[in-house]
Amino acid sequence: MKRNTNDIEFANLLKQNTPEANQNPWFTRKVMNRLPEKSQPTFMWGSIFVSILCTLAAAAAWYLFFSKHSLEVVTVRDIVTFAIMACTTLAFVLIPVISTLRKDNDF
């Protein structure tokens, strides 16, 4: 987005009429004391363990699904089961990835 002369004039006006903030050495300490604590590494390992268990359960479910169903005859129930399993497996894969990305990027 390009800045035009009105934007520059408005920014200068705000800079001129805005009072300076008071210097308070306790401000940083107060803010830091009120921040939530960082998550514990035990939570991370528990999350990884649960993700691995869910992935193994999804793999077992896919194996059972394809070993018991023939692809020659496909019913509506097979399609619904396939769709539900696909969505569940996608969630098992994406939730830990999104969780890790959020922790790394501090969203």
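The values are calculated or read from the model by the stated rules, or taken from the named source; none is laboratory data. Worth saying up front: this structure is predicted, and the values here are computed from it rather than measured. A quick note on method: Cβ atoms are made from the backbone with ideal geometry, for glycine too, and the neighbour counts reach across all protein chains shown.
Just one of (1) under 26 Å from the mean Cα position of the chain (by Cα); (2) assigned to a helix (DSSP H, G or I); (3) at pLDDT 75 or above; (4) not hydroxyl-bearing (Ser, Thr, Tyr) fails for Asp78. It is (1). What do you reckon, is Pro36 at pLDDT 75 or above, exposed (fewer than 10 other Cβ atoms within 10 Å of the Cβ) and under 29 Å from Ser99 (Cα atoms)? Yes.
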